[in-house]
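Okay, structure first, notes after.
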Amino acid sequence: MKTTGSPSESVKSHAAIGRAVNNPAGPRYGRPSDRFGPPTALFNKELALLRYDLGHLEAFTPDSVDINNAFVFTENAVEFFTDESKREAALRPILGELLPGKNQWQMPTSGGSARPDGVWLEGSFAYLVAEVKNEPGLGGDPFLQGLLAYSKILAQDEVRSPSCHSTPLRCLAQYLPFLNRSNLPVVLLAIAGNCLVVSTAIFTDSIYVDKLVSVDLHFGPHASDNVVRVARTFIAINKCTERLRELYSNLIRSVTTVPPAKIMWPNPTVDPSEPAEGTQELEFFAKVDRLLGTPINRTLVDEENKRHAIYLARMRIEGGGSTTNVLVKFAVKYNAAAHLLLASHDPSLAPALYSCKRVIGDMLMVVMQYIPNSEGTSLHNISPPPSALEPIRRDLSRALELLHEENLVFGDLRELNVLYLPEKGRTLLIDFDGVGRDGEDRYSACLNRGTGLGVKRFQIMERLHDVENLGRLMDRLSGRL
């Protein structure tokens, strides 16, 4: 988790920002383009519920104290200040009212490598970090600075109390026993001028962060509505920080009893709008290598596999005490009907599908049959014998025929999405993220041009494309391409 340079210095030049975000231990928040990962909401229920609440603010009814605090906060935010310290001094007391709890301001970490503007603590654990900039673009990005401060907090052994600099407040060393017992969730607040950005971050194999909402702080014709939104936003944040305080309090009390090795795996929260029935009881235990299909259960995950959200879990079998291993994929979109259509065919043309549920984080949790490499392998990883080519063509042609009869286009027919079962002499289609309706839906606007699918980004989907890609696939398998 070691990072270089102080957070304040790391946001003041292009070169410093580049060093901070390109550092192997640096945070993953979508910059540069290959540094991203699953949403933080998939790993921590407290942060998941914050994300949900911020999308459903109408559920909160502020009282007069909430409204008055939100008004004063907005009133101070819209003012101009001659320097950053004066803005911070004006906002500090009202943030203390809006966000009750033990907080420290300008508290340097060991060696002075970071000095977050505001840190809210439960015992020794930082559960909220706030950074304040006088104006957007002046003096750096408060979002990135807060994120880097969080990474520094995790990397340090101690901080020193601002009231007594000769006495180290030996608290952050206490993170070490918990690094394998908690993903150390935190809420990040970035305030620049009259803009408030709310983000969340966790630590698993790296630091991952999501920006949840950006709030413009202003009055004008819609002043009342704006103040109510600010009040509701802070109510939602407070609900989350109360849960985080409880989480950290329990961790502190049970440091010797909390089992290790759970932080790498998801802890998804089903979207409250989803029906409760049909929810699977899952125990995650590994990630799946995107290309090889093999389990990854180590803490060192390569860059390619950091980005995806495909895991192995043990699913409890209904009506009994036994479990079975399943593959769990988190996807933004997934055509469960197409998957079920092929899985229910006799013989099956896709792995069994157990459930497809929406979880907080704007993702679908797809639970399906896991076929280990000993039983079936992606055509991406093997060259099937010539005798297998006709059975492969037969199964794929039948799968496409069934989809096309329903006016569906598979849309991503290539070796990576074809599973060959040599002992059974069967072929299965996998990965139904890209399935769409013929003549209506479109291919992804971010389609990888290296897939060789013969289509353009955002092009209208056609059944003919599947037929053409089956021909290309068979030509490659037979060595004609």
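The values are calculated or read from the model by the stated rules, or taken from the named source; none is laboratory data. Predicted, not measured: the structure shown is a model, and the values here were computed from it. Positions of Cβ are generated from backbone atoms using ideal geometry, with glycine treated the same way; all protein chains shown enter the neighbour counts.
Tabulated data
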{"quantity": "Test: residue in the range 24-39 that is touching a Lys or Arg at 6+ places or on another chain (Cβ under 8 Å), in a strand (DSSP E or B) and modelled with pLDDT under 95", "calculated": "yes"}
{"quantity": "Residue within the range 25-35 that is out of contact with any helix residue (DSSP H, G or I) (no Cβ under 9 Å at 6 or more places or on another chain), closer than 15 Å to Gly361 by Cβ and not aromatic (Phe, Trp, Tyr) present", "calculated": "yes"}
{"quantity": "Hits in the range 284-330 - residues which are assigned to a loop (DSSP other than H, G, I, E, B), among the basic types (Lys, Arg) and within 21 Å of Ala352 (Cα to Cα)", "calculated": "Arg290"}
{"quantity": "Qualifying positions in the range 68-90 - basic (Lys, Arg) and within 34 Å of the chain's Cα centre (by Cα)", "calculated": "Arg87"}
{"quantity": "Options Ile392, Ile382: the member that is in a loop (DSSP other than H, G, I, E, B), among the hydrophobic types (A, V, I, L, M, F, W, C) and not assigned by TED's automatic domain parsing to the domain that holds Ala41", "calculated": "Ile382"}
{"quantity": "Residue within the range 202-215 that is among the charged types (D, E, K, R), outside any loop (DSSP other than H, G, I, E, B), crowded, with 17+ Cβ neighbours inside 10 Å and assigned by TED's automatic domain parsing to the domain that holds Glu135 present", "calculated": "yes"}
{"quantity": "Single match in Glu88, Glu79 (criterion: of a type in the set (D, E, K, R), assigned by TED's automatic domain parsing to the domain that holds Ser224, outside any helix (DSSP H, G or I) and at pLDDT 90 or above)", "calculated": "Glu79"}
{"quantity": "Residue check for Asp225: acidic (Asp, Glu), modelled with pLDDT of 95 or more and over 21 Å from His308 (Cα atoms)", "calculated": "yes"}
{"quantity": "Any hit, the range 60-67, residues being within 15 Å of the chain's Cα centre (by Cα) and farther than 25 Å from Leu244 by Cα", "calculated": "no"}
{"quantity": "Answer residue from the range 360-396, given it is in contact (Cβ under 8 Å) with a residue 40 or more places away in the chain and closer than 15 Å to Ser478 by Cβ and is nearest to the chain's Cα centre (by Cα) among those", "calculated": "Leu379"}
{"quantity": "Criterion: in contact (Cβ under 8 Å) with a residue 12 or more places away in the chain, closer than 23 Å to Ile360 by Cβ and assigned to a helix (DSSP H, G or I) - qualifying residue of Tyr150, Tyr127", "calculated": "Tyr150"}
{"quantity": "The range 236-255, subset hydroxyl-bearing (Ser, Thr, Tyr) and surrounded by 15 or more Cβ atoms within 10 Å (Cβ to Cβ), residue modelled with the highest pLDDT", "calculated": "Thr241"}
{"quantity": "Out of Glu274, Glu242, sole residue that is closer than 20 Å to Leu50 by Cβ, charged (D, E, K, R) and in contact (Cβ under 8 Å) with a residue 40 or more places away in the chain", "calculated": "Glu274"}
{"quantity": "Set Lys357, Lys333: member being surrounded by fewer than 14 Cβ atoms within 10 Å (Cβ to Cβ), at negative phi, in contact (Cβ under 8 Å) with a residue 24 or more places away in the chain and within 31 Å of the chain's Cα centre (by Cα)", "calculated": "Lys333"}
{"quantity": "Single match in Arg472, Arg426, Arg476 (criterion: among the charged types (D, E, K, R), within 21 Å of Tyr370 (Cβ to Cβ) and more than 33 Å from the chain's Cα centre (by Cα))", "calculated": "Arg426"}
